[in-house]
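Structure first, then comments.
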Amino acid sequence: MTIRTRLLSLVMAAVLAASCVAPMLAYADDDLGDVDTPRVSVTSQQATDSFEGVTVSADNAAATLDGCDFALSDFKRAQTGSNRDIDGAYCGYAFYEGSSAYSVVFIAMSDYAVVYLSPEAAQQIGYGDSSGDAAASLLSLLCALDSANASGGATLNADVTCYVTTETRYVVDGVAFTFNQELSDGRFYACVMGEDGSDVTDSSNARYAKPTHASFANVVASDQATIVAQPSMWESLGTFLSTLDYSPLWVTLRTTLTAIVFIFVLGLAAAYFCLRMPSRVRDIFDAIFTIPMVLPPTVCGFLLLLCLENNTAVGRWFIDIGFPLIFSWPATVIAAVVVAFPLMYRSARGAFESLDPNMLDAARTLGWSDARVFFRLMLPLSWSNIASGTVLAFARALGEFGATLFLAGNYLGVTRTIPIAIYFEWMNGNTDVAIFWTIVIMIFSFVVILFINL
């Protein structure tokens, strides 16, 4: 290969890589996000590291700032609000504060935020002086606590336009914000609505605006804030393992072990009887038995859902006998059996076809029945391939995701298997949990491959 050819190859590779990366960069820069965009969680330690001088308590409830004589405590975040009427009256898109009012309330919008300071809190922090240090310190504390409590939701950026007010009602571009409103007995809310009383979350509204979240805190003296120390690595690991929900592991093992019994029996039976069929009929059944292996799992799940849903005769029959299938644990077994069955069937059929037919015929001439030939001759001679097929089918059932999610859904402790848990934990910002289950699946896969190679 000449130098010119090598250079041309490198240039083409670079162009191809850029064409692949560019769409991802454009997607990542989409401010509106997407339903499939995973949430990214931030720990209190990460929040502390991200905001210079800010120390966030390990319980994410308080924060202090170096050189600042005030701190924030009792921090609480509302990920979503409600657009329903409160006591028969529309009050806007409302975030519930609690049974008491907070001295600091902020509501974040897509491109700006409004921070409310009670008059007492404003006086305590010295808000309104010419330096603006109080507002900057307050925003740093809010951003750090907001990031630590985000749980994968939207976060408040320190560079965002922030309006600070001491009035309980504040208007920005026709959008009215009200704070610490006792809209029912002992229940306080922060609300967003049009200045004219309209619903600004309605996309047809000329003042359309969508609040992302709201947070609440109290201003205290810096020496009165309770800062819980960050745990050590081993303490964090112990807490993580002790609080982890292990139900996906038990659901997965229960589903896979049950499914492999059906897969083993059905796979051997299908392979054996296919050998006894005429060639044309055999080809048809072979295609039927093998097609789940080449279809996308979501297609298999969708077809199973169409066949077994409650509106079908089969689905109604199972409901009548008190054994509903859809979105139940048996549905996870059915999904696993369907997608893993072809591996067992193909392995068993290949093993049976490799046997010498003259040897089988000789056994029959000696008076052996078909059952005796199968169990005493065919199975022992084919056992190596059958065992490999069983292990592969077990691994395929263990990692099943698409068909299971379609047919059984995602119910914690019932149908949430490890692959489903990985996806939803990642989407919800629980990256540590997703990584843990990924490691578990990798260990299982390694053991399976090791077993096959033995």
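Screening I386 against (1) at pLDDT 90 or above; (2) farther than 18 Å from L275 by Cα; (3) of a type in the set (V, I, T) leaves a single unmet condition, (2). Condition test on R346, is it among the charged types (D, E, K, R), closer than 29 Å to L377 by Cα and surrounded by fewer than 22 Cβ atoms within 10 Å (Cβ to Cβ)? In short, yes.
Scanning segment 287-297 for residues that are part of a helix (DSSP H, G or I), surrounded by 15 or more Cβ atoms within 10 Å (Cβ to Cβ) and either without any contact (Cβ under 8 Å) to a residue 60 or more places away in the chain or of a type in the set (V, I, T) (or both) turns up F289, T290, P292, M293. Of all residues in segment 349-364, those satisfying the criterion of being closer than 16 Å to S388 by Cα, small (G, A, S) and either surrounded by 12 or more Cβ atoms within 10 Å (Cβ to Cβ) or under 41 Å from the mean Cα position of the chain (by Cα) (or both) are G350, A351.
Only one residue in A154, A148 is assigned by TED's automatic domain parsing to the domain that holds V114 and without any contact (Cβ under 8 Å) to a residue 60 or more places away in the chain, so which one is that? I'd like the intermediate steps shown before the answer.
Details: A148 fails: without any contact (Cβ under 8 Å) to a residue 60 or more places away in the chain.
Answer to the check: A154.
Which is touching a residue at least 12 places away in the same chain (Cβ under 8 Å), more than 30 Å from S384 (Cβ to Cβ) and either in contact with a strand residue (DSSP E or B) (Cβ under 9 Å, 6 or more places away or on another chain) or surrounded by 13 or more Cβ atoms within 10 Å (Cβ to Cβ) (or both), of L325, L303, L266, L275? One residue alone meets the criteria, L325. Are any of the residues in segment 36-51 modelled with pLDDT of 50 or more and surrounded by 11 or more Cβ atoms within 10 Å (Cβ to Cβ)? Among the residues of segment 36-51, at least one is modelled with pLDDT of 50 or more and surrounded by 11 or more Cβ atoms within 10 Å (Cβ to Cβ), which makes the answer yes. Condition first: assigned by TED's automatic domain parsing to the domain that holds P248 and assigned to a loop (DSSP other than H, G, I, E, B). Can you find one or more residues in segment 368-390 that meet it? The answer is yes; a qualifying residue exists. For segment 184-203, the criterion of being of a type in the set (V, I, T) and buried (at least 20 other Cβ atoms within 10 Å of the Cβ) is met by at least one residue.
For the subset of segment 113-145 comprising residues that are more than 14 Å from A71 (Cα to Cα) and at pLDDT below 90, which member is surrounded by the fewest Cβ atoms within 10 Å (Cβ to Cβ)? By that ranking, first place goes to S130.
The values are calculated or read from the model by the stated rules, or taken from the named source; none is laboratory data. None of these values were measured; they are calculated from a predicted model. So basically every Cβ, Gly included, is an ideal-geometry build from the backbone, and we count neighbours across all protein chains shown.
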